[in-house]
Amino acid sequence: MLHVADVERSIRFYRLLGFELVDVQGEDGRPPAWARLSTADGSAIMLLEGEEGHRVKPELQGIVLVLYTAGLGALRDQLVAAGERPTEIERPPWMPSGHIMLRDPDGYSIGVNQWGDAEHQTWLEQLEKKRAAGLIP
């Protein structure tokens, strides 16, 4: 759950990343104070309006939300077209198919990684090796 300044604004942002609105709560005639969003794979995020005087400072939270996509280039283009400012696609050793970073409207850091069939197959092979070595059940 993320504490945010404006739930509706955050809903619009997270929809750009592939989340769909599942539920909202708020008082009659007022914007929502809480929302739940999810993706087709079952990933979920909840947004809660931070109370005045008790707002969270995202830059001090020490978290990075990590998301995966099979189409990083297209997603980045969509984000730029919507006025967001993701980093250029980088290809670090730990994510050679690509990685970008951006911030949500409240300043939370978000990493988006390219995750396609090749990455998934490599990961499954690594899991099997770890199981065979007794490192994981």
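Rule-based calculations on the coordinates, nothing more; no lab input. Predicted, not measured: the structure shown is a model, and the values here were computed from it. With ideal geometry, Cβ positions are generated from the backbone for all residues, glycine too; neighbour counts draw on all protein chains shown.
Net charge near residue 87, counting Lys/Arg +1 and Asp/Glu -1 over other residues with Cβ under 15 Å of its Cβ? Let's see the in-between values first.
Numbers: positive: 76, 85, 91, 103; negative: 77, 84, 88, 90, 104.
Its environment carries a net charge of -1.
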(message) Going by average Cβ density within 10 Å per residue, which order do the peptides 118-125, 67-74 take, highest to lowest?
(response) 67-74, 118-125
(request) Give the shape of the range 1-51 as rounded, prolate or oblate, defined through the alpha-carbon gyration tensor: a ≥ b ≥ c are the square roots of its eigenvalues, a/c under 1.5 means rounded, and otherwise the shape is prolate if a/b is larger than b/c and oblate if not. (result) prolate
(request) Normalising by the residue count of the range 58-137, find the relative contact order in percent from Cα pairs under 8 Å and 6+ residues apart. (result) 33 percent
(request) Would you please give the residues with an amide H less than 5 Å from that of residue 4, counting only those at least 5 places away or on a separate chain, with H modeled from the backbone geometry? (result) 48, 49, 50
(request) Quick one: net charge around residue 32, please, counting Lys, Arg +1 and Asp, Glu -1 for every other residue with C-beta under 13 Å from its C-beta. (result) -2
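Quick one: compute the contact order of the range 1-51, relative version, from alpha carbon pairs under 8 angstrom and 6+ residues apart, as a percent. If you can, show how the numbers build up before the last one.
Details: 88 pairs, mean separation 21.9, N = 51.
Relative contact order of the range 1-51: 43 percent.
Just to confirm the filter: which GluC sites (Glu not before Pro) across the range 14-63 are DSSP coil and have at most 11 other Cβ within 10 angstrom of their Cβ? Don't skip to the answer; put the middle values down first.
Values: sites: 20, 27, 49, 51, 52, 59; in loops: 27, 51, 52.
For GluC sites (Glu not before Pro) across the range 14-63 that sit outside H, G, I, E and B with at most 11 neighbouring Cβ atoms in 10 Å, the list reads 27, 51, 52.
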(request) Mind pulling the angle between the C-alpha long axis of helix 7-16 and the longest principal axis of the chain? Nearest 10 degrees, somewhere in 0 to 90. (result) 30 degrees
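What number comes out for the charge environment of residue 3, summing +1 per Lys or Arg and -1 per Asp or Glu over other residues with Cβ under 14 Å away?
Numbers: positive: 9, 55, 57; negative: 6, 49, 51, 52, 59, 104, 106.
Around residue 3, the surrounding residues sum to -4.
Helix-only mean residue ellipticity at 222 nm, the chain, DSSP H runs n ≥ 4 weighted -39,500 (n - 2.57), per residue, nearest 500. What is it? Present the calculation step by step, with values, prior to reporting the outcome.
Values: 3 runs with 36 residues, N = 137.
After summing the helix terms and dividing by the residues of the chain, the value is -8000 deg cm²/dmol.
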(request) Order the peptides 108-114, 95-101 from the highest to the lowest mean number of other Cβ atoms within 10 Å of their residues. (result) 108-114, 95-101
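When DSSP assigns beta bridges and you keep just the ones with both residues in the chain, what percent turn out antiparallel, to the nearest 5?
On the way: 16 of 25 bridges.
Approximately 65 percent, going by the DSSP bridge assignments.
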